Structure formats: C-alpha cells, structure tokens
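*Asks:* Have a look at this one.
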Amino acid sequence: MDAAKYIWMNGEFVAWEDAKVHVLTHTIHYGNGVIEGTKAYKTDKGYAIFRLNDHTTRLKESAKMTLIDIPYTVEQMNQAQIDLLKKNEFTGDNVYIRPFAFLGYGVMGLYHKNAPVETVMAAWEWGAYLGEEGMQNGIKLKIVSMTRPANTSNMGKAKATANYLNSQMAKYEAIDCGYDEALLLDDQGYVAEASGAGFFMVRNGVLISPPNDNSLESITQKTVIEMAQNMGIEVVRRRITREEVYIADECFLTGTAAEITPVRNVDAREIGNGARGEMTEKIQSAYFDIVFGRDKDYEHYLTYID
Ligand code: PMP
C-alpha cells in the first residue's frame, strides 16, 4: 500500500510508522471493531470528501450496534478527517479514508465493557478497487458457496470488522476459482451483496437492487438510486434470485471503493453483451461527475477541505 505521512489516533496525529498497537489488543482476538470506508476526490477546488457526514454517522451507528462507545462526536470525527487530509498533503486523484474504532489493550476475555476504545482515522492513495480494466470492460462475478450470516446470528448493517471474515472467505473463493469478486446470497437464497459492494441489475430498462434485509446500507447504493430516479430511470427494490442475475441485461456493483463497477460475467454466463452495459456506463459517468464536483446538483454531498 501507499503509506501517507500521518494517522489520526485518539485525537492526535502520529507519524504513519508509529501508529501501532499491542499484540494483546482485544479486537485482534475477538474481532469486535467497526470501520468506515470514505473517499475524497480531487476536484477543481481541491479535495472534496464525498458524503462525509453519512459515512461518519454510519461509523457511530455501527459502533452503537456492536456496543463500542466511541468517545468522539460525528462532528469531531468529520473534522479529524478534514484535518487528516490537509496534513498529509496528498497529490493523487483520490484518497481513501479509513475511520475505525476498536477495543484496545488491557482486558482479555469476551466481556468487553471495560476494554479501552481506540479511535483512528487513516488515509492513503488507492487505485481502482477492482482494477482499471474492470471499470472499463466489466468484471467476472461468482456466486460463492458462502452465504451472508443470518440476521439472527450477526449484524449485517453494522460495518463491523467481524463481518469481514464472511467477506474474506467469499472473496478468496471467487478469486481462487478465476473470478474477480464474490456475490453472496442471504440465508434464504436471495442476492444480498458482493463481498465489499452493493449489487444492481438491469432488466427491460428497470434498475433493480435488493433491499438491505441482509446487507450493509450502502451509501453508494443510495446515491445511485437517487441519481437514477433523477435521470427518469425506474428503480425497484426487491428480492432477486440467482437465475434472474444470469439473464439480466446488465449488472454492476456499487461501493465507495468499487464506485460503479460493471459486471460482464456471472458464474460462466455472459451478462448482456459481455461488456459494460449502456445504463451502467451512463450511471458510472454521472457518478464520477458528482464525486469530482462537476455536477452542481449534488454539490451538497461534497465537503471541500481547502
Ligand atoms: N457491502 C459491504 C459488505 C461493504 O464492505 C461495502 C463497502 N463499504 C459496501 C457494501 C458498499 O458500501 P458503501 O457504498 O457505503 O461504500
């Protein structure tokens, strides 16, 4: 990864190489931590963080769900991210921001009420999550053997580190089988989401995305729905089965890192014409206009840091 200069840790900036923890850090052992994935883009007016307040609010909400008491307000954490971007003097096209909170050193055993909470904001320059080639021509998606954990056993709406064991196993399986990314079903057999992104398909001109019954409430998914509706595209949220995906006209993934990634193949079935679909391209290009500050209608989603 591309190291940056500073990381914000518990209210202070520390040098990137000094942002360390003890090996007996609670979260390393039991997996209770919460993360965000936020992105800043270099606009004509300097870096702007996309939907900063929504991401930071989700971090706070994830922490509430997993009983982690973050000792900072959303406003304080927003400011920390703005300061972090300024202090690091980035130069690239975009910067990925990873705010997170975890249980630190000093308490062992599962009961975590007395474990110290550590709050961190890190940022670095990161290229296309699923590759530049994938952004142009589409990626190959595998519906993997792993399903999302049932809502009775886990909390899919928390962006909790513990949920990423499921995502990691799914992603590994997909890549090991020669695909680029994993699509997970829920425990009822309906499409939930990809290992780190939301799912959309197009059929007969209608844009369809599953409800968030068993998936993260994706901020990019929400943005795409708003954009599509503003473009006059009919959007439907409903459950999707595996075979519907195979006969979709277009599919794409959405996420802060994945942005709008076209899907050209699912489980050896070519999707549409086996390339980036027309509606996908339209939404992808409109999304980049928004995040790079070229679309004034969505400027309220940008927090300029300069
Ligand atoms: N689902 C999962 C499991 C993810 O990790 C992500 C990435 N944060 C998403 C969906 C997409 O969420 P967002 O659009 O808010 O980045």
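*Asks:* Yes or no: segment 291-300 includes at least one residue that is within 16 Å of the ligand (Cβ to nearest atom), aliphatic (A, V, I, L, M) and either more than 17 Å from A194 (Cα to Cα) or open to solvent by less than 10 Å² (accessible area, probe 1.4 Å) (or both).
*Replies:* We begin by selecting, within segment 291-300, every residue within 16 Å of the ligand (Cβ to nearest atom); these are 291, 298.
Going one step further and asking which of them are aliphatic (A, V, I, L, M), we end up with 291.
Checking the rest, the ones that are also either more than 17 Å from A194 (Cα to Cα) or open to solvent by less than 10 Å² (accessible area, probe 1.4 Å) (or both) come to 291.
Scanning segment 291-300 turns up at least one residue that is within 16 Å of the ligand (Cβ to nearest atom), aliphatic (A, V, I, L, M) and either more than 17 Å from A194 (Cα to Cα) or open to solvent by less than 10 Å² (accessible area, probe 1.4 Å) (or both).
*Asks:* Here's something else I'd like to know. Would you confirm whether or not segment 61-77 contains a residue that is more than 19 Å from the chain's Cα centre (by Cα), at pLDDT 95 or above and within 25 Å of A258 (Cα to Cα)?
*Replies:* No: zero hits.
*Asks:* Would you mention how many residues in segment 187-207 are within 14 Å of the chain's Cα centre (by Cα) and part of a loop (DSSP other than H, G, I, E, B)?
*Replies:* So the count comes out to 3.
*Asks:* While we're looking at this one, here's another question. Take segment 173-191 and flag every residue that is over 14 Å from E244 (Cβ atoms) and within 15 Å of the ligand (Cβ to nearest atom).
*Replies:* A174, E181, A182, L184, D186
*Asks:* Among T261, T280, T241, which is the only one that is of a type in the set (S, T, N, Q) and within 15 Å of the ligand (Cβ to nearest atom)? Write out each step before concluding.
*Replies:* Values: T280 fails: within 15 Å of the ligand (Cβ to nearest atom); T241 fails: within 15 Å of the ligand (Cβ to nearest atom).
The conditions single out T261.
*Asks:* Next up: How many of the residues making up segment 252-306 are under 15 Å from D180 (Cβ atoms), in contact (Cβ under 8 Å) with a residue 40 or more places away in the chain and in a loop (DSSP other than H, G, I, E, B)?
*Replies:* 7
*Asks:* For segment 162-181, give me each residue that is polar (S, T, N, Q) and open to solvent by 50 Å² or more (accessible area, probe 1.4 Å). Give the steps one after another, and end with the answer.
*Replies:* First, pick out the residues of segment 162-181 that are polar (S, T, N, Q): 163, 166-168.
Listed by number, the list holds a single entry, Q168.
*Asks:* Exactly one of (1) in the same structural domain as V117 (by TED's automatic domain parsing); (2) open to solvent by 70 Å² or more (accessible area, probe 1.4 Å) is unmet by M1. Its number?
*Replies:* Evaluating M1 over (1) in the same structural domain as V117 (by TED's automatic domain parsing); (2) open to solvent by 70 Å² or more (accessible area, probe 1.4 Å) leaves (1) as the failure.
*Asks:* Next question. Only strands (runs of 3 or more DSSP E) wholly contained in segment 27-133 count here; list those with 2 or more residues that are open to solvent by 20 Å² or more (accessible area, probe 1.4 Å) and touching a residue at least 60 places away in the same chain (Cβ under 8 Å).
*Replies:* 94-103, 117-124
*Asks:* Within segment 155-165, can one find any residue that is part of a helix (DSSP H, G or I) and more than 25 Å from N32 (Cα to Cα)?
*Replies:* So in segment 155-165, the residues part of a helix (DSSP H, G or I) come out as 163-165.
If we keep only those that are more than 25 Å from N32 (Cα to Cα) as well, we get none.
No; the residues of segment 155-165 include none that is part of a helix (DSSP H, G or I) and more than 25 Å from N32 (Cα to Cα).
Yes/no per residue for (1) farther than 19 Å from H55 by Cα; (2) of a type outside the set (S, T, N, Q):
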residue: Q188; (1), (2): yes, no
residue: V202; (1), (2): yes, yes
residue: N212; (1), (2): no, no
residue: T223; (1), (2): no, no
residue: N230; (1), (2): yes, no
residue: R237; (1), (2): yes, yes
residue: Y246; (1), (2): yes, yes
residue: F252; (1), (2): yes, yes
residue: N265; (1), (2): yes, no
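*Asks:* Follow-up. What about L184, is it within 18 Å of the chain's Cα centre (by Cα) and either among the acidic types (D, E) or not in a strand (DSSP E or B) (or both)?
*Replies:* Values: within 18 Å of the chain's Cα centre (by Cα): yes; either among the acidic types (D, E) or not in a strand (DSSP E or B) (or both): no.
Considered against the rule, which asks whether it is within 18 Å of the chain's Cα centre (by Cα) and either among the acidic types (D, E) or not in a strand (DSSP E or B) (or both), L184 comes out as no.
*Asks:* What is the residue count in segment 192-214 for residues that are within 12 Å of the ligand (Cβ to nearest atom) and crowded, with 19+ Cβ neighbours inside 10 Å?
*Replies:* Count: 12.
The values are calculated or read from the model by the stated rules, or taken from the named source; none is laboratory data. From a predicted model like this one, the values you see are computed outputs, not experimental measurements. Quick reminder, even Gly has a Cβ in these numbers, built from the backbone with ideal geometry, and neighbours come from all protein chains shown. These area figures cover heavy atoms from the full protein model, side chains too; ligands, DNA and RNA do not enter into them. Shrake-Rupley method; radii C 1.70, N 1.55, O 1.52, S 1.80 Å.
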